[in-house]
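Enquirer: Take this structure first; my questions come after.
Coordinate-derived values only; no laboratory data. What you see is a predicted model; the values in this text were computed from it and never measured. Glycine also receives a Cβ, built like all others from the backbone with ideal geometry; neighbour counts cover every protein chain displayed.
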Amino acid sequence: MSRIRWIHFSDLHLNLTGTETKRLRENLLEYLDTIVGKIDYAFFTGDIRHAPSGDFPSNAGKEIENICNAIGLPEKRLFIVPDPLCSWALQEV
């Protein structure tokens, strides 16, 4: 039986720009580069942005793409589950 490896992450709050927030995201990419072996799936469960602080940043898609690239994951194997409190999650796409 083959083993499925997956990773879960959330609360990136990409529209926050403080030093600690930037450092966290940089460290995340560096850490993900150290993972040995193939990751089969990734699950991102919300809070791409800090809602009280405004809109989604223009680089949100690129940041998510960077995470996928760091673990060698095709974007089609990334599952994004919106936070149910986000108003955009309730809108038709």
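Enquirer: Once you place label points 7 Å from the Cα toward the Cβ at residue 21 and residue 34, how far apart are they in nm?
Expert: Result for the modelled spin labels: 2.5 nm.
Enquirer: I would also like to ask the following. Can you check what the net charge comes to around residue 28, using other residues whose Cβ is under 15 Å from the Cβ of residue 28 (Lys, Arg +1; Asp, Glu -1)?
Expert: Cβ neighbours under 15 Å give a net charge of -4.
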